[in-house]
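Chemist: Mind having a look at this structure? Questions to follow.
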Amino acid sequence: QVGNYKRTVKRIDDGHRLCNDLMNCIHERARIEKVYAQQLTEWAKRWKQLVEKGPQYGTVERAWCAFMSEAEKVSELHLEVKGSLMNEDFEKIKNWQKEAFHKQMMGGFKETKEAEDGFRKAQKPWAKKLKEVEAAKKAYHAACKEEKLAISRETNSKADPALNPEQLKKLQDKVEKSKQDVLKTKEKYEKSLKELDNATPQYMENMEQVFEQCQQFEEKRLRFFREVLLEVQKHLDLSNVASYKNIYRELEQNIKSADAVEDLRWFRANQGPGMSMNWPQFEEWSADLNRTLSRREKKKASDGVTLTGINQTGDQSSQPNKHSSSLSVQSNTVQSVQSSYNPFEDEDDTGSTVSEKEDNKIKNVSSYEKNQSYPTDWSDEESNNPFSSTDANGDTNPFDEDASPAMEVRVRALYDYEGQEQDELSFKAGDELTKMENEDEQGWCKGRLDNGQVGLYPANYVEPIQ
């Protein structure tokens, strides 16, 4: 019908818009792949640090860490998926759209205008004849209406004695004339309709030809979309990627290789009765050694969490001991294992907010809190025995925190001091810090810098702030 070809023409414009929609769809999926890969990497980095510094050991530790290795490898694959989607699929659609649709200077697309002109040209002769048919039809119906009205007037006039013969003659002439008009308009209407019918086959052929051209153009787009979607499916389907299967095959092997008997044997040889002993021997007096031993006694009484290395002699197991090096972790900060990225926070959050939330996450991990070595110092004095008779009577609980901590005092540094060991503070003259414990018999105090670091410093290097 006249004008209905516009739906077919509009489909061309819709094809261009659908190309944009498909590109946006692929772009969003690529962004999801990238974010997921980043989250996997951050998760693997954070938990690898926690497991390595936690109390787990041996083959089970390696099996646990295998999950982090799996996440890192899968992250790389998803980054490859993201690259394939953007560099291959997205660009392919973009280039095809540019080649298939040509914009005009006056707006719209060349393909749309050509299709519309083709339909209009094919429809113009037939539309003209259709217009003539409508006009003839209208004239014929008007003549029929006039004839009926004239016949009705003539019939009514015969029953009216007031009318003279001359008036009756006029009404009869009107009826006769209207009948002739009906015949003429009917003949013209039938003739125009016949001409329209004769022109219809050619009209249909011309319209079909233009329509088929539009169909071919749309077929190219549909086939192209199917081809692109299949390529996207191949890029997203990691189950057919050999390296993806190898990742989980390797993960399964690492988990199955965990051996409880081997881990228990290693712990006995390195942390239990089977470990080599450094039996006491005669040692000459040394000022540095005396100072270090005194410091150790002081650190034993502190409430900070200190991991002290165990010096072993003799042959050791081939399995490395991750607790063999000294590691100090302050009780109020865990910045050494903070994650630099939180995937569940907005990108425009401040760094301090992310760090605080990462601190809370890490502090809530029990394996990190338990990551500590037990001191080898011992004493037979009653005051150092947590299971003494006083504790047994219920007066104190050796597992409760100190109920009466020392009074904290703000002090100012008088001189520069550079820490000589890991548990010593470093500061400049004029810096302020908080003294947490009073001076011991060796002249050392425990304090906290404003950045949260806790450690020891010489008592005579500071003065109270008045």
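Chemist: Cβ-Cβ under 8 Å, sequence separation 6+ or interchain: first residue in region 195-207 and assigned by the TED database to the domain that holds VAL133, partner basic (Lys, Arg) and open to solvent by 80 Å² or more (accessible area, probe 1.4 Å). Which pairs?
Modeler: ASN206/LYS121
Chemist: Among the residues of region 151-166, is there at least one that is among the aliphatic types (A, V, I, L, M), assigned to a helix (DSSP H, G or I), touching a residue at least 40 places away in the same chain (Cβ under 8 Å) and in the same structural domain as ALA199 (by the TED database)?
Modeler: So the first thing to find is which residues in region 151-166 are among the aliphatic types (A, V, I, L, M), and the list is 151, 159, 162-163.
When the remaining residues are screened for being assigned to a helix (DSSP H, G or I), the result is 151.
Filter again for touching a residue at least 40 places away in the same chain (Cβ under 8 Å), leaving none.
Within region 151-166 (the criterion being among the aliphatic types (A, V, I, L, M), assigned to a helix (DSSP H, G or I), touching a residue at least 40 places away in the same chain (Cβ under 8 Å) and in the same structural domain as ALA199 (by the TED database)), the answer is no, since none of the residues qualifies.
Residue-by-condition table, conditions (1) outside the structural domain of LYS34 (by the TED database); (2) over 24 Å from LEU229 (Cα atoms); (3) of a type outside the set (A, V, I, L, M, F, W, C):
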{"residue": "LEU79", "(1), (2), (3)": "no, no, no"}
{"residue": "ALA115", "(1), (2), (3)": "yes, yes, no"}
{"residue": "ALA143", "(1), (2), (3)": "yes, yes, no"}
{"residue": "GLU146", "(1), (2), (3)": "yes, yes, yes"}
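Chemist: Just one of (1) more than 30 Å from LEU22 (Cα to Cα); (2) touching a residue at least 12 places away in the same chain (Cβ under 8 Å); (3) open to solvent by 70 Å² or more (accessible area, probe 1.4 Å) trips up LYS220, so point out which.
Modeler: For LYS220, the failing item is (1).
Residues are listed down the side, and each one gets a yes or a no for (1) in contact with a Ser or Thr (Cβ under 7 Å, 6 or more places away or on another chain); (2) open to solvent by less than 60 Å² (accessible area, probe 1.4 Å):
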| residue | (1), (2) |
| --- | --- |
| ALA127 | no, yes |
| PRO165 | no, no |
| LEU168 | yes, yes |
| VAL175 | no, yes |
| ASP181 | no, yes |
| LYS184 | no, no |
| GLU187 | no, no |
| ALA199 | no, yes |
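Chemist: Might you check whether a residue that is farther than 30 Å from ARG268 by Cβ and either surrounded by 19 or more Cβ atoms within 10 Å (Cβ to Cβ) or not charged (D, E, K, R) (or both) occurs anywhere in region 47-70?
Modeler: Taking region 47-70 as the starting set, the residues that turn out to be farther than 30 Å from ARG268 by Cβ are 70.
Now restrict to residues that are either surrounded by 19 or more Cβ atoms within 10 Å (Cβ to Cβ) or not charged (D, E, K, R) (or both): none.
Looking for residues that are farther than 30 Å from ARG268 by Cβ and either surrounded by 19 or more Cβ atoms within 10 Å (Cβ to Cβ) or not charged (D, E, K, R) (or both), one finds none in region 47-70, hence no.
Chemist: In region 198-242, what residues are over 31 Å from the mean Cα position of the chain (by Cα) and small (Gly, Ala, Ser)?
Modeler: The answer is ALA199, and nothing else.
Chemist: Here's another thing I want to ask about it. Going through region 445-462 one residue at a time, which ones are free of Cβ contacts under 8 Å to residues at least 60 places away in the same chain, outside any loop (DSSP other than H, G, I, E, B), under 11 Å from THR434 (Cα atoms) and open to solvent by 10 Å² or more (accessible area, probe 1.4 Å)?
Modeler: The one that is free of Cβ contacts under 8 Å to residues at least 60 places away in the same chain, outside any loop (DSSP other than H, G, I, E, B), under 11 Å from THR434 (Cα atoms) and open to solvent by 10 Å² or more (accessible area, probe 1.4 Å): VAL462.
Chemist: Moving on to the next point. So how many residues does region 239-291 have that are within 29 Å of PRO55 (Cβ to Cβ) and part of a helix (DSSP H, G or I)? Spell out how you get there, then give the answer.
Modeler: Applying the first criterion (within 29 Å of PRO55 (Cβ to Cβ)) to region 239-291 yields 247-248, 250-280.
Add one more test, that the residue is part of a helix (DSSP H, G or I), and what stays is 247-248, 250-256, 260-271.
Within region 239-291, residues that are within 29 Å of PRO55 (Cβ to Cβ) and part of a helix (DSSP H, G or I) number 21.
Chemist: Those residues that are touching a Leu at 6+ places or on another chain (Cβ under 8 Å) and among the acidic types (Asp, Glu), I need them from region 432-466; list them, please.
Modeler: ASP450, GLU463
The values are calculated or read from the model by the stated rules, or taken from the named source; none is laboratory data. Note that this is a predicted model, so its numbers are computed, not measured. Because the Cβ atoms are built from the backbone with ideal geometry, glycine has one as well, and the counts that use them run over all protein chains shown. Just the protein is used for accessible areas: all its heavy atoms, side chains included, with ligands, DNA and RNA removed. Shrake-Rupley method; radii C 1.70, N 1.55, O 1.52, S 1.80 Å.
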